[in-house]
Amino acid sequence: MDCSKLAEDGTPELGMEFNSEEDAYQFYNKYAFKMGFSVRKDYPNKDKDGVTTSRRYSCCKEGVKRKYEGDVMPKRTRAPTKTGCGAKMVIALFRGTMKYRVHDLVLEHNHELHIAQCAHMMPSQRKVSEAQGFQAEISEDAGLSLKQSHELLGKEAGGMENVGYTREDLKRYLRTRRERSLKYGEAGSMLNYFQEQTLENPSFFHAVQLDCEEQITNIFWTDAGMLIDYQFFGDVVTFDTTYKTNKEYRPLGVFVGFNQHRQIMIFGAALMYDETIDSFKWVFGTFVEAMCGKRPSTILTDQDHAMVAALSVVMPETFHGLCTFHIRRNFMKHLGNHYKENSDLPYMFGACMYEFEEVEQFNRVWEAMVKKHNLENNEWLSELYRIRDK
């Protein structure tokens, strides 16, 4: 079927053909915008040559929410966003013409659809244009923060509802655009530096993870001095990813410890693409590999769900503790509005952190604090207690 006729009709039909899977997605996404639902790309099936043979585009509400499998049920849970919707369009490569043909199609939804006024803010419809991205880079070079840049674009558009994307979308766009510009000038210089260090000292270790498009994602390195220091002082390690001052917004993770003089020792560093479970698994696994399989007895991190999940797989025997610096900082962030002048909340929280070694004493003061200050529904505090209980 000719693609020019598809644009006139606007509704998918069995047997339609597209020149590429991207053409099929753009057509289905345009139909989704008109109807009021968001499209999700499912994993493609590929042949041995890497050519996509079939792919499914589903409604974003396809599937159901998994049941909570923890020991302690959370007091507050997010409202379910999936309804088991079966709407989909499946395309398959037709070898005779090398075009993609619609061979499975379901148009009915089991949920209410979005109204036209807010359809442009659905996930599959949000998009940062080249002009908007260029303007955001100019604003950043002028010293504006990402938030200020986003608000400025909103004012120029006549309101944030007219921008067509969220602040996180803009952040991802800028990061992806800069990563694609990581050509030989930057990536080559980095790899040349690693090569020079390896020639200088064969004990220098580095590793680079690539994605399916051969783009650099995560990078890890450690030198000979760090390896020796870890063998002596690597029983307790802190891993922190709060350093995001680079323009690419990429987390810089550093493995840190102390020597016998309480001096800071760096054991390794990682420049990460994102802070997902898979990225942390790769970083932690590569760190263990670099250290010849020696895992620390204790590792301290911030209160990050992805880190907890990754450490439970890569370092199951290592005790995982939370860094007190991050706990204190998050305390002010999540509980700062719960106490006024002369409140005893900081003192009760501090006592729970530092004064009690017996579980009974800790639980008694913790429960009294939660009840006295009406913190039963505070998600951060509940999650902190669950991690501590583990």
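For segment 334-344, check the following and say yes or no: at least one residue is assigned to a helix (DSSP H, G or I) and either in contact with an Asp or Glu (Cβ under 6 Å, 6 or more places away or on another chain) or of a type in the set (Phe, Trp, Tyr) (or both). Checking segment 334-344: not a single residue is assigned to a helix (DSSP H, G or I) and either in contact with an Asp or Glu (Cβ under 6 Å, 6 or more places away or on another chain) or of a type in the set (Phe, Trp, Tyr) (or both).
Taking the criterion of being in contact with a Lys or Arg (Cβ under 7 Å, 6 or more places away or on another chain) and modelled with pLDDT of 90 or more, the only residue of segment 251-293 that qualifies is 288.
If only residues of segment 278-295 that are touching a helix residue (DSSP H, G or I) at 6+ places or on another chain (Cβ under 6 Å) and among the hydrophobic types (A, V, I, L, M, F, W, C) are counted, the one that is surrounded by the most Cβ atoms within 10 Å (Cβ to Cβ) is 280.
Looking only at residues of segment 361-383 that are among the charged types (D, E, K, R) and under 31 Å from the mean Cα position of the chain (by Cα), we find that the one that is surrounded by the fewest Cβ atoms within 10 Å (Cβ to Cβ) is 376.
Within segment 212-243, the set of residues being open to solvent by less than 70 Å² (accessible area, probe 1.4 Å), touching a residue at least 40 places away in the same chain (Cβ under 8 Å) and either among the acidic types (Asp, Glu) or touching a Lys or Arg at 6+ places or on another chain (Cβ under 7 Å) (or both) comprises 234, 240. Of the set (1) more than 24 Å from residue 257 (Cα to Cα); (2) modelled with pLDDT under 80; (3) among the polar types (S, T, N, Q), all apply to residue 361 but (2). Residues in segment 312-329 that are under 25 Å from residue 349 (Cβ atoms) and either open to solvent by less than 30 Å² (accessible area, probe 1.4 Å) or not polar (S, T, N, Q) (or both): 319, 320, 321, 322, 323, 325, 326, 327, 328, 329. When segment 301-311 is filtered for residues that are open to solvent by less than 70 Å² (accessible area, probe 1.4 Å), in a helix (DSSP H, G or I) and modelled with pLDDT under 90, the ones remaining, listed by number, are 306, 307, 308, 309. Tell me, please, whether a residue that is modelled with pLDDT of 80 or more, loosely packed, with under 15 Cβ neighbours inside 10 Å and in a helix (DSSP H, G or I) can be found in segment 201-208. Within segment 201-208 (the criterion being modelled with pLDDT of 80 or more, loosely packed, with under 15 Cβ neighbours inside 10 Å and in a helix (DSSP H, G or I)), the answer is no, since none of the residues qualifies. Residue-level analysis places residue 298 outside the set of residues that are within 26 Å of residue 379 (Cβ to Cβ), touching a residue at least 60 places away in the same chain (Cβ under 8 Å) and either of a type outside the set (Val, Ile, Thr) or open to solvent by 10 Å² or more (accessible area, probe 1.4 Å) (or both). Give the residue that is farthest from residue 115 (Cα to Cα), with candidates limited to residues of segment 19-39 that are open to solvent by less than 20 Å² (accessible area, probe 1.4 Å) and in contact (Cβ under 8 Å) with a residue 60 or more places away in the chain. It comes out as 24.
The values are calculated or read from the model by the stated rules, or taken from the named source; none is laboratory data. Worth saying up front: this structure is predicted, and the values here are computed from it rather than measured. FYI the Cβ positions are ideal-geometry reconstructions off the backbone, even for glycines, and counts take in every protein chain you see. In case anyone asks, the SASA skips ligands and DNA or RNA and just uses the protein heavy atoms, side chains included. Shrake-Rupley method; radii C 1.70, N 1.55, O 1.52, S 1.80 Å.
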